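First up is the structure itself, then whatever we jot down about it.
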Amino acid sequence: MMTDMTKSKDTTQNQRTPNNSTATTARQWELLNLLERGSWRGTHHLHEQLSLANFDVSLRTVQRDLNALSKRFPIEKNNAKPQGWRWKEDAPVQSLPHMNLSQAVAFNMVEANLAQLLPPAILDELFPWFDLARRQLKDSKITHNWLDRVRIEPATQPLIAPEICRECKDSIYQAIFYERQITACYTRRNKDNPGEYVLNPIAIVQRGVVIYLLATKVDDVQQIIRTFALHRFTEVTVDEDSKAVIPDNFDLTSYLDSGGMGFAHYLFKDLPNHGKNTKITLVFNGKAGTSLTESRLSEDQIVTDDEEHNTQTITATVNLTSQLVWWLRGFGKKLISIEPEILERAVKQDEAGM
């Protein structure tokens, strides 16, 4: 799409910055909107209209933009002076910048909630659609009412996302998109200085406000999948000549379902398979565990109410992780007992501040 368009001299050659890329795309999209199918629009007129829309560029830039757009879209010029441009008579309808309200709402929600997980190559192509969606929704009272009444709220304490190096993020996403290895400078938790890693990028996972890279070390014959927080990368170089090696039979859904992102708790490290697929029993005071009857812990979950003792017992098969420990602590004294004993010990120790 328009990511291949010729950039004007207003943009530094061969330098990719999100602000310049977005501005160029928005300007060129506005040019397409100014053109009509039946009438010619002169370059001077188009330049004036762009100026009124707060695009501060030269006439020469407008001419270059139009010539570049003509290679990607069915637009044509005449031999008049000043030169005129229009959509070709046989231009298909889908080539014309158009979006209905339903599509605009969908693009608006994608931009608000998924943009940070999209690879740069795709995100750049979507910028014009995001811009078109915003303008399409600007004067629609009905859709504004809908967007004002829909939110995605975190189930835990809202946190501010850590700042990520844009160039590092772009390189990592590019490496995953094209299955290439990377060489990176990464600072591990509780370390002051970064170390150098040569990695096989595998997948991207967002957990809360933090985005993680799943990868293996190139020199690791066991191909252990490791977790790297994107905000701790300070430099990333994509090796265009080295294809990333993905572990055989790796499936992201299966990896996550098995508790791959749960993070290990030190008490569980010596358990068989690190505590994965462990049967647990939770006894709650009163109906404190009722929410789990709607959002279950596992497919085999069983809930037993004891009205005589005013308790509720829930059994389920889960992975023993730090996340589970922190979650159980949230019930406080409403959680009467926990099995197995090692899980109860982990919860009690953390409660004691250990």
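Nothing in this text is a laboratory measurement; each read-out follows from the coordinates by a stated rule. Quantities reported herein were computed from a predicted structural model and do not represent experimental measurements. Cβ atoms come from the backbone with ideal geometry, glycine included; neighbour counts cover every protein chain shown.
With each run of n ≥ 4 DSSP H residues scored as -39500 (n - 2.57), what mean residue ellipticity at 222 nm is computed for the chain after dividing by its residue count and rounding to the nearest 500 deg cm²/dmol? All intermediate terms of the calculation are to be shown ahead of the outcome.
Values: 10 runs with 114 residues, N = 354.
When only DSSP H runs of four or more count, the value is -10000 deg cm²/dmol.
Can you give the % of DSSP beta bridges in region 153-227 that are antiparallel, to the nearest 5? All intermediate terms of the calculation are to be shown ahead of the outcome.
Working: 15 of 15 bridges.
Approximately 100 percent, going by the DSSP bridge assignments.
When only DSSP loop residues count, what GluC sites (Glu not before Pro) in region 69-173 have their Cβ near at most 11 other Cβ atoms within 10 Å?
Values: sites: E76, E89, E111, E125, E163, E167; in loops: E89, E163.
The qualifying sites are E89, E163.
If you take the Cα atoms of region 99-155, find Rg, then find the Kirkwood Rh from the mean of 1/r over all pairs, what is Rg/Rh?
Radius of gyration relative to Kirkwood radius: 1.00.
Report, largest value first, the span of the C-alpha coordinates of region 166-255 along each principal axis, in whole Å.
35, 31, 24
Set the Förster distance to 30 Å, then compute FRET efficiency between S322 and R166 from the Cβ-Cβ distance, nearest 0.05. Let's see the in-between values first.
Numbers: r = 30 Å, r/R0 = 1.00.
Approximately 0.50, to the nearest 0.05.
Based on alpha-carbon atoms only, what is the radius of gyration of region 250-354 relative to the globular estimate 2.2 N^0.38 Å? Display every interim value, and only then the final one.
On the way: Rg = 14.0 Å, N = 105, 2.2 N^0.38 = 12.9 Å.
In units of the globular-protein estimate, region 250-354 measures up at 1.09.
Using the 10 angstrom Cβ neighbour count as an exposure proxy, how do Y173, Y266 rank, fewest first?
Values: Y173 23, Y266 9.
Lowest count first: Y266, Y173.
Distance from a point 7 Å along Cα→Cβ of T234 to each backbone N in region 167-199: keep the residues under 17 Å and list them by number.
It comes to 167-169, 183-198, nothing else.
In the chain, if the dipole is taken from +1 on Lys/Arg beta carbons and -1 on Asp/Glu beta carbons about the Cα centre, which of I172, L59, Q206 is farthest to the positive end?
Result: L59, furthest along the dipole toward the positive end.
When 1/r is averaged over all different Cα pairs and the result inverted, which Kirkwood radius in Å belongs to the chain? Can you show the working numbers first?
Numbers: mean 1/r = 0.0400 Å⁻¹.
It works out to 25.0 Å.
Order 302-311, 35-44 from most to least packed using the mean count of other Cβ atoms within 10 Å.
Details: 302-311: 11.6, 35-44: 14.4.
Those peptides, ordered most packed to least, come out 35-44, 302-311.
Do the alpha carbons of any pairs in K276/K333; K276/K334; K169/K348 sit beyond 31 Å of each other, and which pairs?
Details: K276/K333 26 Å; K276/K334 25 Å; K169/K348 39 Å.
Over 31 Å Cα-Cα: K169/K348.
On a full-extension model of 0.36 nm per residue, what is the gain between S51 and I342, subtracting their alpha-carbon distance, rounded to one decimal in nm? Intermediate values should be presented prior to the final figure.
On the way: separation 291, 0.36 × 291 = 104.76 nm, distance 6.85 nm.
This chain segment gains 97.9 nm when fully extended.
Kirkwood hydrodynamic radius, region 41-185, all distinct C-alpha pairs: what's the number in Å? Before the final figure, lay out the partial values.
On the way: mean 1/r = 0.0525 Å⁻¹.
When all Cα pairs of region 41-185 are included, the Kirkwood radius is 19.0 Å.
Cβ neighbours within 10 Å, averaged per peptide: list 243-253, 114-124 in order, most packed at the top.
Details: 243-253: 11.7, 114-124: 15.2.
Result, highest mean first: 114-124, 243-253.
For region 166-255, what's the relative contact order in percent, using C-alpha pairs closer than 8 Å and at least 6 residues apart? Mind dumping the intermediate values first?
Details: 169 pairs, mean separation 30.6, N = 90.
Once divided by the residue count of region 166-255, the mean separation gives 34 percent.
How high is the relative contact order of the chain? Use alpha-carbon pairs under 8 Å, at least six apart in sequence, and give a whole percent. If you can, show how the numbers build up before the last one.
Details: 478 pairs, mean separation 35.9, N = 354.
For the chain, the relative contact order is 10 percent.
Choose one answer from V236, V221, V62: the residue with the largest mean-square fluctuation in a GNM of the chain with alpha-carbon springs under 10 Å.
Sorting by GNM fluctuation, first place goes to V221.
So if each residue of separation counts as 0.36 nm, and I subtract the Cα-Cα distance between E308 and Q206, what length gain in nm does that give? All intermediate terms of the calculation are to be shown ahead of the outcome.
Working: separation 102, 0.36 × 102 = 36.72 nm, distance 4.40 nm.
Fully extending the segment from E308 to Q206 adds 32.3 nm.
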